[in-house]
There are 2 protein chains.
Amino acid sequence: MILAAVDAGGTRTRASIVQDTLECRGIGLAGRGNPISGGGPEAAFGEVASAIGRAAADAGVALAEIEAVTLASAGGTAFEAGFLTDAFAAVGIRAPFSKRGDLAALFCSGTHETDGYSLVAGTGATAVRMVDSAEAQTIDGLGWLLGDTGSGFWIGHRVARAVAAALDGRISTSMVEPALEVMGIAPDLALRTGRPIANHELVRVVYTQSPFALAALAPVAFLDDGDPVSAAIVDEAARGLAQAVIDVHADDVTGPLVVGGGVMAGQRRLLEGIVAVLRSSGLDLPVIRATDGLVGASVLALRGAGVTVDAEAFETVRATTATQLARQTGL
Amino acid sequence: MILAAVDAGGTRTRASIVQDTLECRGIGLAGRGNPISGGGPEAAFGEVASAIGRAAADAGVALAEIEAVTLASAGGTAFEAGFLTDAFAAVGIRAPFSKRGDLAALFCSGTHETDGYSLVAGTGATAVRMVDSAEAQTIDGLGWLLGDTGSGFWIGHRVARAVAAALDGRISTSMVEPALEVMGIAPDLALRTGRPIANHELVRVVYTQSPFALAALAPVAFLDDGDPVSAAIVDEAARGLAQAVIDVHADDVTGPLVVGGGVMAGQRRLLEGIVAVLRSSGLDLPVIRATDGLVGASVLALRGAGVTVDAEAFETVRATTATQLARQTGL
């Protein structure tokens, strides 16, 4: 049985052709496959179709041979089912498809377990409790205005506010210079109407661009362990992310915690902070990092086709996917 | 000598014709006179010109008789000088004009003193130190993304986040029902994808409208003194606003603190909280509330014309302005 599994994300889309023998036979890479982050469903689906097409070509199978498609995307609700039926048919894929959430795929990328938790901190922040390979409860993921505590936007926004306050002499932080560099602003501290020119420029740049662009400042919070202002931002982000896990936790679900997302990937201190808060709240979950949801989408595709994915099977899917991915990307 | 004084704000513009005898002779009311809050300089200046025209008609003086114009607006930088020269000439006002800041005007609406502090909490939040009737230093006023801590947006944003968390069962607060009512959302707690329908609706409404619309939720934070979640928001707003005063304070400037702005106007608890924080920091400033900057713009106009405005003169300006305003508005 030939299955297509897709992890459609806000910056990139990856597809895998996986067989019920548990072997990943081919990989296809494409761009932004999330219609919510801009561009609309047609453009996003175009990337999904490209990724599947490239994976099929890589595996040496025709699109008509694909017997089921599993499409993991943000919240699992990124595309409407009616739209997908037509869109898949239009590109020659008539197999049944199932929509899954990105956090379910992330969870299944990290473990063969079917119960547990996943936590993502990327541009947004969301925690889910997984039961039987599906989301039993979702916490946060409410976007930049209503939630996403501890996300890249949330951290970058606090960096920007701290830098603006520091430029006005209200606080002191080592983040000023690196933040201005990220924003492309000269560190000109000469005063104009009682405020450094660099702060006038910061105001101009921040209100000219999209609020989301503040996420680019998130890495600045992790540059200097000895800066109390940035340490407080990282601590509060860790507490917020840990609280999402605490709030989604149920005593009867003991499985592992799979973590992922762009912010989590690069920043050791954030994950250490989260684990410390969880332990102090009595939650001592095994923590697994996952890069993305591609292996998980394949695992979900296999389980959807009736294949049992135990620890050994999981390792086969993971290893063959990693091999194909390494061959494709040269990494 | 006949002077025109204008308080051009983000929601309304008020003009006064004041004589060097200290008497307010007429008042003119118009709409949004701040080009920053939308509509551009031409539309905003149209409101300024309307307010002056109505004030002159009310006072029975011709525009050509006006010998100087004092225009107070956000930051004092709302209009460019070159634009104003042409725009005033185009409506028949050829008198010299001076641009002043809204916080300077607010300060001079509350006191005859020339040194002290003013603090505004409206849609934005700013504190200034006043020396010789001019802003010696400005703190915050950096807008909704970079600052404005304790402003209407800042408070409303926190109300929205708390309500979203409460709808997901993460916290408990009495703000849920009134906030949903303000947003026009039915309190439907039935679950869809593990989240109450009211929360899905909140997400939809918040991300459809302008972020500024969240300021409409600010009053919800003040409804229930016994709700710890809203009390924490009000406390943090009060601490943030007090900190702006602390940061702008200089030991050699002992004058009063004049407070104003829409959030400050309606909410006794906020000002009490600010005063408590200031006292605990050793700042025991006399606090004066001011409704807007109209009296202060007149005081600045008079001082600009070389008139000394002492306590007695201030009271004459204040009382005659109040009388004319009451006659105009029926209040």
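Peptide B:173-180 is shielded by partner chain Cβ atoms: per residue, an average of 0 of them sit within 10 Å of its Cβ. For peptide B:203-213, the mean count of partner chain Cβ atoms within 10 Å of a residue's Cβ comes to 2.
Treating only the Cβ of Lys, Arg, Asp and Glu as charged (+1, +1, -1, -1), what charge dipole size does the stretch B:152-227 show about its Cα centre? Round to the nearest 20 debye. Using only the charged Cβ atoms, the result is roughly 380 debye. The angle between the Cα long axis of helix A:228-248 and the main principal axis of chain A comes to about 40°, on a 0 to 90 degree scale.
Angle of helix B:311-329 to the longest C-alpha principal axis of chain B, folded into 0 to 90 degrees and rounded to 10: 70°.
For the stretch B:32-169, taking Cα atoms only, Rg and Dmax work out to 18.4, 65 Å respectively.
The other copies place their A:V287 label points at 4.3 nm from this one, listed shortest first, where each point is 7 Å from Cα along Cα→Cβ. Computed from point charges on the beta carbon alone (+1 for Lys and Arg, -1 for Asp and Glu), the dipole magnitude for chain B about its Cα centre is near 760 Debye.
What percent antiparallel are the DSSP beta bridges of chain B, to the nearest 5? Roughly 60 percent of the DSSP beta bridges within chain B come out antiparallel. Summarising the overall dimensions of the stretch B:152-227 from its C-alpha atoms, the Rg and Dmax are 11.5, 34 angstrom. What does the C-alpha gyration tensor say about the overall shape of the stretch A:1-100? Classify as rounded when a/c is under 1.5, otherwise prolate if a/b is larger than b/c, or oblate. It is prolate, given that a/c is not under 1.5 and a/b is the larger ratio. Here the peptides B:167-174, A:143-150 are ranked by packing, the mean other Cβ count within 10 Å, and the order with the highest first is A:143-150, B:167-174. Cα-based Rg of chain B per 2.2 N^0.38 Å, rounded to two decimals? Ratio of Cα Rg to 2.2 N^0.38 Å: 1.08. Along the charge dipole of the protein assembly as shown, which of A:G39, A:L278, B:L257 sits closest to the positive end, that is, farthest toward it, with unit charges on the beta carbon of Lys, Arg, Asp and Glu (+1, +1, -1, -1)? Going by the charge dipole, the pick is A:G39. Ranked by the mean number of other Cβ atoms within 10 Å per residue, highest first, peptides A:252-262, A:213-223 order as A:213-223, A:252-262. Per residue, the convex hull spanned by the Cα atoms of the stretch A:114-255 measures out at 113 cubic angstrom.
Normalised by the number of residues in chain A, the mean separation of alpha-carbon contacts (under 8 Å, six or more apart) gives a relative contact order of 22 percent.
Averaged over the residues of B:164-171, the number of partner chain Cβ atoms lying within 10 Å of the residue Cβ comes to 5.
When peptides B:96-108, B:264-276, A:275-287 are sorted by average Cβ neighbour count within 10 Å, with the highest value leading, the order is B:96-108, B:264-276, A:275-287. So how far, in whole Å, is the C-alpha centre of the stretch B:37-74 from the one of the stretch A:57-99? Computed from Cα coordinates, the inter-centre distance equals 63 Å. Taking Cα atoms only, the orientation of helix A:81-90 departs from the longest principal axis of chain A by about 60 degrees. Rounded to the nearest 20, the size of the Cβ-charge dipole of the protein assembly as shown about its Cα centre is 840 debye, with Lys and Arg at +1 and Asp and Glu at -1. Applying 1/(1 + (r/R0)^6) with R0 = 60 Å to the Cβ-Cβ distance of B:R12 and A:E42 gives a FRET efficiency near 0.85. Counted over all Cα-Cα pairs of the stretch B:218-318, pairs farther apart than 16 Å make up 64 percent.
Counting every Cα pair in the protein assembly as shown, what percent are over 43 Å apart? Tail fraction, whole percent: 35.
Extension gain for the segment B:S98 to B:A250, taken as residue separation times 0.36 nm less the Cα-Cα distance, is 52.0 nm to one decimal.
Each value in this text was obtained by applying a stated rule to the coordinates, not by laboratory testing. Nothing here was measured: the structure is a model prediction, and the numbers come from that model. All Cβ positions, even for glycine, are placed from backbone atoms using ideal geometry, and neighbour counts span all protein chains on display.
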